[in-house]
Amino acid sequence: MTAHSSSFHAIEWRGQSLHLLDQRVLPHTHTVHEYTTANDVADAIRDMVVRGAPAIGITAAYGYALDALNGRDLGEAYKVLAESRPTAVNLFWALERMASLGTEDPHALVAEAKKIHEEDIAANLAMGQFGASLIKEGSRIYTHCNTGALATGGHGTALGIIRSAYADGKITQVYAGETRPWLQGARLTAWELMQDNIPVKLVCDGAAAQLFRANGADWVIVGADRITANGDVANKIGTYSLAVLAKHHGMKVMVAAPTTTFDLTLDSGNAIPIEQRPMSEVTSLNGQPIAPEGCEAINPSFDVTPAELIDAIVTEKGFVENPTVENIAVMVNS
Ligand code: MRU
C-alpha cells in the first residue's frame, strides 16, 4: 500500500455502479467491492465496509440512485437504507435530500448523489481552515476514531482540521486513540496520517488519562455523528470520557462536523438514538474469542458529550465557541 490519503477513494461512482473500499480490512488489505442495489449498500453500511457519518450519508445517496437506475421501488430503497444505522443523522439528511427531488429519473438522482459527495469535500476543506485558525503553533492534538478521507467525501472533519493545521506548521504531534472495539484509530487514522507524513503516535484508549496528566496534549479534536440544538454531540464511544478528562486537565475540546450533521429537531443529546452493536464485537477480536465463552458485554457504538464540555464546534460555515442554542442556530442557519 503506497497511497496518500488524496489518492485512495473510500467511495467511488464508476459508470453505473458504486465502489467502496472495505474499511474492515484496512490497513493491511486493500479490497474494493462493487454495489448495484440499495439493499447491498445498506448491508455495507451496517457491516462497516463504509463508516463515518458523512461517508454513510454519501453512500446512502448513491445507494438510492442505484435503485433508480435499475427501476426498483424508491420507497423501499429509502426504507432499507434508513434502517442500516441509527445514529449518524447524515444518513437521514442525504436520503431526504434525494427523495425530496421528487423524481425517479436515474440521471438526476446520480447527479444529486455526486453533488452531495462534492459538497462534502468542499465543506471539509472550509472546516479545515476554520478549525486550524483556532490552533496555536506548537500544538499537540489527541483525536479519536477516524474522521479523515475514509469517513467523509475527502480530507476529513477533525482529521481535515489536523491536516490543515499541520500544513500551516501549527502541529508538532498527533495522538490517535485506538478506539475499541473497531480500532478505527489504530487501523484507519494512524494509516491516513502516516500516508501524509504527519507525526502520529498510537494510544490505547485507557492510556489517554496518563498522557493528559503528563501534560502531553493541548487539544482533543473529534468528529460527530449528530449534534443537537443545544450543542450536545453524539460521537464514537469513548469521546465523552475524553472530554471529561480534557476538562479535568485544563485542555480544550473541539468538535468538527459539516452542518449536515446537525439535528436541530432534537433539543438535547438525551433524544439521540444510540446504536447498540453485537456483543461479539467486544468479546472477540478478528474473529478470535478474547473473553470467556458465554460472557456478556455491552456495546454502545456512540456516546453523548454534553455541550458544556466542548470549547468549539467547527463547521464549513464557521465556528462557535462555548456552544449554546442561540449561537448554534445562528451558525447553522447562516
Ligand atoms: O462507527 P463509525 O466508525 O461509523 O463511527 C464514526 C465516528 O464516530 C466518527 O467520529 C464520526 O462519524 C465523524 S466522521 C467524520
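The values are calculated or read from the model by the stated rules, or taken from the named source; none is laboratory data. In this text, all values refer to a predicted model and were calculated from it rather than measured experimentally. No Cβ is skipped: glycine too gets one built from the backbone with ideal geometry, and neighbour counts run over all protein chains shown.
Points to keep in mind about this one:
- Cross-chain or 6+ apart pairs with Cβ under 8 Å, segment 31-49 first and on the phi > 0 side of the Ramachandran plot and not assigned by TED's automatic domain parsing to the domain that holds Asn146, then assigned to a loop (DSSP other than H, G, I, E, B) and among the hydrophobic types (A, V, I, L, M, F, W, C): Met48/Trp182
- For segment 118-156, residues that are more than 9 Å from the ligand (Cβ to nearest atom) and in a helix (DSSP H, G or I) total 14.
- First in segment 143-158 and closer than 13 Å to Met127 by Cα and without any contact (Cβ under 8 Å) to a residue 40 or more places away in the chain, second anywhere and within 7 Å of the ligand (Cβ to nearest atom) and outside any loop (DSSP other than H, G, I, E, B), Cβ under 7 Å, 6 or more apart: none
- Subset of segment 157-189 (residues that are assigned to a loop (DSSP other than H, G, I, E, B), more than 14 Å from the ligand (Cβ to nearest atom) and on the phi < 0 side of the Ramachandran plot): Asp168, Lys170
- Phe319 passes every criterion in (1) under 18 Å from Val222 (Cβ atoms); (2) at pLDDT below 95 apart from (2).
- Count of residues meeting criterion [touching a Pro at 6+ places or on another chain (Cβ under 8 Å) and within 15 Å of Arg226 (Cα to Cα)] in segment 280-311: 2
- Number of residues in segment 247-269 that are within 16 Å of the ligand (Cβ to nearest atom) and in contact with a Leu (Cβ under 7 Å, 6 or more places away or on another chain): the value is 2.
- Residue match in segment 86-100 (condition: farther than 20 Å from Thr265 by Cα, buried (at least 16 other Cβ atoms within 10 Å of the Cβ) and not assigned by TED's automatic domain parsing to the domain that holds Gly160): no
- Out of Ala217, Ala224, sole residue that is part of a loop (DSSP other than H, G, I, E, B), closer than 25 Å to Met127 by Cβ, of a type in the set (Gly, Ala, Ser) and touching a Lys or Arg at 6+ places or on another chain (Cβ under 6 Å): Ala217
- Test result for Ile198, crowded, with 18+ Cβ neighbours inside 10 Å, more than 24 Å from Asp22 (Cα to Cα) and not assigned by TED's automatic domain parsing to the domain that holds Lys114: no
- Residues that are within 13 Å of Tyr142 (Cβ to Cβ), more than 14 Å from the ligand (Cβ to nearest atom) and among the acidic types (Asp, Glu), drawn from segment 195-238: Asp218
- Residue in segment 270-278 that is assigned to a helix (DSSP H, G or I), in contact (Cβ under 8 Å) with a residue 12 or more places away in the chain, away from the ligand (no atom under 13 Å from the Cβ) and within 17 Å of Phe302 (Cα to Cα) present: yes
- Residue selection: Asp303 satisfies the criterion of being part of a strand (DSSP E or B) and either on the phi > 0 side of the Ramachandran plot or of a type outside the set (S, T, N, Q) (or both).
- Residue-level check: of (1) surrounded by 23 or more Cβ atoms within 10 Å (Cβ to Cβ); (2) part of a helix (DSSP H, G or I); (3) within 13 Å of the ligand (Cβ to nearest atom), Leu109 misses just (3).
- The test for being under 27 Å from Ala257 (Cα atoms) and not assigned by TED's automatic domain parsing to the domain that holds Ala257 does not hold for Gly75.
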